[in-house]
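Contents: one structure, followed by commentary.
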Amino acid sequence: MARTHTLFAKVLHWGFVVLYLYGIFKQVEDLSQLENAGLLLFEVVFAIVFLVIVLTRYFYMRRFETFLGASEPIPIAHTVLAKTIHRSMYTCFILLPLTGLMIAGLYSQGYTVNASPDEEQTVMDVVLGLHGLVAETSYVLILVHISAAFYSRLKGEGVWSSMVPFWKEKGPTNSSIIKRITSVENGVYARFERFFTSKDK
Ligand code: HEM
Ligand code: HEM
């Protein structure tokens, strides 16, 4: 039988999706809103809870291999690519609350942004810029992640079914177009692997 992620891993994955969406949509719109002490406290508690859940998830998931549900062996270069995307997502999910907490700390110490673009940037400008950049990077990574999950579903590798509770796979695809695309893709991975193994010798 195909291997599947544990119930806890699925709860962490889908529960975290809800938490992340909430974090993104309820976000503070500008610094002046932090004048409200209740909101500031809520943001700080939310950021700490978010960080604890991300770290719990990261350490729990480390024990499982990438592409746990795959029915066929996955090229090493493909696994490295997926791991890189996963780690980059985790990096964003850690930096988002950390920079948020820095904003809260700086704000309560009286730091603020510079009103005029001609003046030198304050430390608050830099941290706010970083906070926004991390948020935008996370959107791109998640888009890549979801596209890769759909592509894997079309191939019928079993990875989708190991994490997603619907539209379960019934085996590898019979579509000749998808098979052709997959063979081009595997050719690219094989080239990368040859390149790196020949460099090691
Ligand atoms: C339609 C939406 C989504 C689908 C179909 C999906 C599917 C999957 C699948 C199949 C895996 C398992 C990969 C494996 O076994 O190696 C996975 C892992 C993961 N997903 Fe998603 N995902 C979705 C949305 C999201 C979103 C919105 C986030 C972030 C907020 C996210 C973050 C992650 C992370 C970080 C992992 C890696 C888990 C680990 O091994 O540590 N996913 N996802
Ligand atoms: C996990 C927790 C958090 C998430 C997911 C999050 C997410 C975001 C996002 C997506 C933006 C918009 C960035 C942009 O598009 O440029 C934003 C802006 C902002 N965040 Fe957070 N944030 C978090 C925690 C915090 C905390 C704890 C604070 C401070 C108490 C904070 C203060 C701000 C402020 C002031 C802005 C507005 C920046 C501006 O004036 O353009 N955030 N946040």
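At-a-glance table
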item: Checklist (1) within 25 Å of G15 (Cβ to Cβ); (2) within 16 Å of ligand 1 (Cβ to nearest atom) applied to V80, failing item; result: (1)
item: Residues of region 106-130 that turn out to be farther than 23 Å from T84 by Cβ and part of a helix (DSSP H, G or I), as a count; result: 10
item: Selection status of E157, part of a loop (DSSP other than H, G, I, E, B) and not aliphatic (A, V, I, L, M); result: yes
item: Near pairs, Cβ below 6 angstrom, 6+ apart or cross-chain, from region 76-97 (in contact (Cβ under 8 Å) with a residue 40 or more places away in the chain and of a type in the set (D, E)) to any residue that is outside any helix (DSSP H, G or I) and surrounded by fewer than 17 Cβ atoms within 10 Å (Cβ to Cβ); result: none
item: Any hit, region 80-88, residues being within 11 Å of ligand 2 (Cβ to nearest atom) and either modelled with pLDDT under 95 or part of a helix (DSSP H, G or I) (or both); result: no
item: Test for T182: is it part of a helix (DSSP H, G or I) and closer than 30 Å to L34 by Cβ; result: no
item: Among residues of region 38-63, those that are away from ligand 2 (no atom under 11 Å from the Cβ) and either touching a helix residue (DSSP H, G or I) at 6+ places or on another chain (Cβ under 7 Å) or among the small types (G, A, S) (or both), counted; result: 5
item: When residues of region 1-14 are limited to those that are out of contact with any helix residue (DSSP H, G or I) (no Cβ under 8 Å at 6 or more places or on another chain) and at pLDDT 95 or above, the one surrounded by the fewest Cβ atoms within 10 Å (Cβ to Cβ); result: L7
item: Filter result (farther than 19 Å from G132 by Cα, away from ligand 1 (no atom under 12 Å from the Cβ) and of a type in the set (S, T, N, Q)) within region 2-54; result: N36
item: Residue within region 107-128 that is within 18 Å of the chain's Cα centre (by Cα) and either away from ligand 1 (no atom under 11 Å from the Cβ) or at pLDDT 95 or above (or both) present; result: no
item: Residue identified as polar (S, T, N, Q), touching a residue at least 40 places away in the same chain (Cβ under 8 Å) and out of contact with any Asp or Glu (no Cβ under 7 Å at 6 or more places or on another chain) among S138, S116, S147, S176; result: S138
item: Selection from region 146-201 of residues that are loosely packed, with under 15 Cβ neighbours inside 10 Å, closer than 17 Å to A77 by Cα and β-branched (V, I, T); result: I181, V184, V188, T197
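Results for (1) surrounded by 12 or more Cβ atoms within 10 Å (Cβ to Cβ); (2) on the phi < 0 side of the Ramachandran plot; (3) of a type in the set (A, V, I, L, M), shown as yes or no for each residue.
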position: F42; (1), (2), (3): yes, yes, no
position: P73; (1), (2), (3): no, yes, no
position: A82; (1), (2), (3): yes, yes, yes
position: T91; (1), (2), (3): yes, yes, no
position: M124; (1), (2), (3): yes, yes, yes
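The values are calculated or read from the model by the stated rules, or taken from the named source; none is laboratory data. Only a predicted model underlies this, so the values are computations on that prediction, with no experimental measurement involved. Reconstructed Cβ throughout: ideal geometry from the backbone, glycine too, with neighbour counts over all protein chains shown.
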